[in-house]
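Visitor: Pasting a structure below so you can have a look.
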Amino acid sequence: MKKFFYYLLLALPLGFMTTSCDDDEDKVPNVNIQATISGGVFEDDEIYVVQGEDLVIDGLTLVNNTNKEGTLGAVTYYWDHYLIGTNVTQPFTLTVDTSDQPIGRHLLQAQMPIYVVDYPVCWGYIQYYVNIVADSSELPGNGDVSGDNSTSKVINGIIKTKE
């Protein structure tokens, strides 16, 4: 009889662990994030900016398809993996001054928590390559912003659960 109680005491914590797990904790809401970026020329999924010109994230938007209320939390921005700013108010804008950035390819990233009613917190990520060039003659199409190149573009991010 003592062995039975001993085994029961060993198994009891396992019972609590299985009952506390909820499949909904890993459920990602049907949402997306979009960033509107201006100040450069867009080609082949990269942005080209003349050194000294500003690259502007005009805003971030939550595309919510859940029929539940949702919002973005504070957006943290990174340039080549280094923190360059955080914005806590909509539309979550950011201006990158390229005058002190070296010519070449850089990585612009944004990450933010996403809160949707009845869902666990998930995270949104956006990243885009930015090529800083010395002058406008090095821009794709020689700086021609007609056609597929534009001075403003909406890009989509990805959504993940906690890691």
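The values are calculated or read from the model by the stated rules, or taken from the named source; none is laboratory data. If you're wondering where the values come from, they're calculated on a predicted model, not measured in any experiment. Quick reminder, even Gly has a Cβ in these numbers, built from the backbone with ideal geometry, and neighbours come from all protein chains shown.
Visitor: Restricting attention to segment 76-91, and to residues there that are assigned to a loop (DSSP other than H, G, I, E, B) and free of Cβ contacts under 8 Å to residues at least 24 places away in the same chain, which single residue is nearest to Asp58 (Cα to Cα)?
Guide: So, considering only residues that are assigned to a loop (DSSP other than H, G, I, E, B) and free of Cβ contacts under 8 Å to residues at least 24 places away in the same chain, the one nearest to Asp58 (Cα to Cα) is Thr89.
Visitor: I'm trying to understand the selection: among the residues of segment 89-102, which are surrounded by fewer than 13 Cβ atoms within 10 Å (Cβ to Cβ) and of a type in the set (Val, Ile, Thr)?
Guide: Thr89, Thr95
Visitor: So in segment 63-88, with the set limited to residues that are buried (at least 19 other Cβ atoms within 10 Å of the Cβ) and of a type in the set (A, V, I, L, M, F, W, C), which one is farthest from the chain's Cα centre (by Cα)?
Guide: Across segment 63-88, the extreme among qualifying residues is Leu72.
Visitor: Mind telling me which of the residues Ile132, Ile126 ends up being modelled with pLDDT of 95 or more, under 25 Å from Gly52 (Cβ atoms), buried (at least 19 other Cβ atoms within 10 Å of the Cβ) and not charged (D, E, K, R)?
Guide: Ile132
Visitor: Could you list all residues from segment 53-75 that are charged (D, E, K, R) and assigned to a loop (DSSP other than H, G, I, E, B)?
Guide: Across segment 53-75, the qualifying residues are Glu53, Lys68, Glu69.
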